[in-house]
Every structure is written in structure tokens, then in C-alpha cells.
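These notes are about the structure you will find just below.
The values are calculated or read from the model by the stated rules, or taken from the named source; none is laboratory data. Owing to the predicted nature of the structure, the values given are computational and were not obtained by experimental measurement. Positions of Cβ are backbone-derived with ideal geometry, glycine not excepted, and every protein chain shown enters the neighbour counts. Just the protein is used for accessible areas: all its heavy atoms, side chains included, with ligands, DNA and RNA removed. Shrake-Rupley method; radii C 1.70, N 1.55, O 1.52, S 1.80 Å.
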Amino acid sequence: MAKRDPHDVLGVPRNSAQSTIKAAWRKLAREHHPDLARDDPAAAERATRRMAEINRAYAELRRGFGAEDAADGRGNGRATWPPKERPSRPVTGRVDTTATFRPRNTTTGPGARHEVPPPYRGDRLTREPLRASQPTGPLNRRRQRNFRPPEPPSLESARGLVIEFGKFHGHSLGQIADFEPTYIDWLAKTISRDPDLVAAARVVQDDLDERAMTRQPRQTPA
């Protein structure tokens, strides 16, 4: 059987608006829906075929509106049937321009020599050599020429240094070394934001080591 025109299937004129086509499709869907003849298998099968034809016609007309709107840019809800072919992109060719390339600041004209500049060699400026750095500390400047590390404080000044944080806030390093020397070890190897405190803690730590002061490992609460 020849395929019917979608306008004839929906019963609408050729110049119908999209809203008219949609209204006709809804009306026919309510009249020919297969659920209305579920008690009669033969009638349900005929309704299924009719509904498929209605849906197919509606889908074709909707595609026609989309193609027409995209082609003219109006989007006025009207389209002709069959829809116009979509415009294709123009065919363009690739042009090889490598022969016309000229390096920068070169002379052009008859008899001119076109020399290719040397390859880029990187930054030619004299820069400071790379230095090693600690992951959580300042740059390691011991490898620099004429660098002298600061002198460590004396034992007396180191023991008199008062810390301003933690559970021993307000206590000097000497007092802490007398009743909990393990805290001195923790300061010497953990603190990094206060170099003066670290230097003093290491001096007190060296004094504890010279006096062979045994330290019990700190108990971590469970």
C-alpha cells in the first residue's frame, strides 16, 4: 500500500500551522487509541496500525517545521511539504602557505637571502643556580658561597627561653627539661615556624644528651 501524505492522514490543509497539526493529532489519538478497543483483539490491532500511521505523520510534519525554521530563521510555525533540503556547508580547499613564510626581520625582494634563524636555546640570561629546599622549611642556604649560619644561643639563654603556646605555656625550656625532657625533643624536631625556639631547644637537647638524661617515650592517648 502506498504511503499517504501526512497532511491527509491527519486531515489538515497543506498550509496548516503547527498548533493546528498538533490539535488534529491529539483528536485522532483520542479516537483511535488501542486502549479503547482492548476487549476486541481484532479492533485493537486495527487501532494500533492506525495509531502508528497517525504518529508517523505527526512526526514527519514536526520535522518539516524544524527544517523550515532552521532554513529561513523565521520560526513562524508554518512550513511547506515536503520540507526543503537543509543547506550544506560549502566545500573549501586547503591552501599550502609554507612557501610564503618569512622569518622575522628578514629582507624581502629580488636577490634577498632568507636564512632560517637558529633554534631557540632557552633563556640566555644569567640566573642564580638552583638551590635545594626543605619540604616544610626555608631554602637550604648552606651551599651558598660566603654563607654563615647563625650562632646557636648559650645554654643559659636557651634554658631561659619561655614558650608561649601548648600545655607548657609560660614555662621556660629549662623548667620543661627538668620535669618532662621528652617535650624538648619534640620541640627540636617538630617546630619549624620559630627558628629561635628550635635553636634553643636543640641546645637544651644537646645538654640533656651530654648529661645522659634518659627520656621515656611520650605516651599517646588511645
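From the set of residues in the stretch 19-66 that are open to solvent by 60 Å² or more (accessible area, probe 1.4 Å) and acidic (Asp, Glu), which is nearest to the chain's Cα centre (by Cα)?
Checked the stretch 19-66; the qualifying residue nearest to the chain's Cα centre (by Cα) is 35.
Only residues in the stretch 179-195 that are free of Cβ contacts under 8 Å to residues at least 12 places away in the same chain count as the first member; pair them with residues that are among the β-branched types (Val, Ile, Thr), Cβ under 6 angstrom, at least 6 apart or cross-chain, and list the lot.
Every condition considered, the pairs that remain are 191/198.
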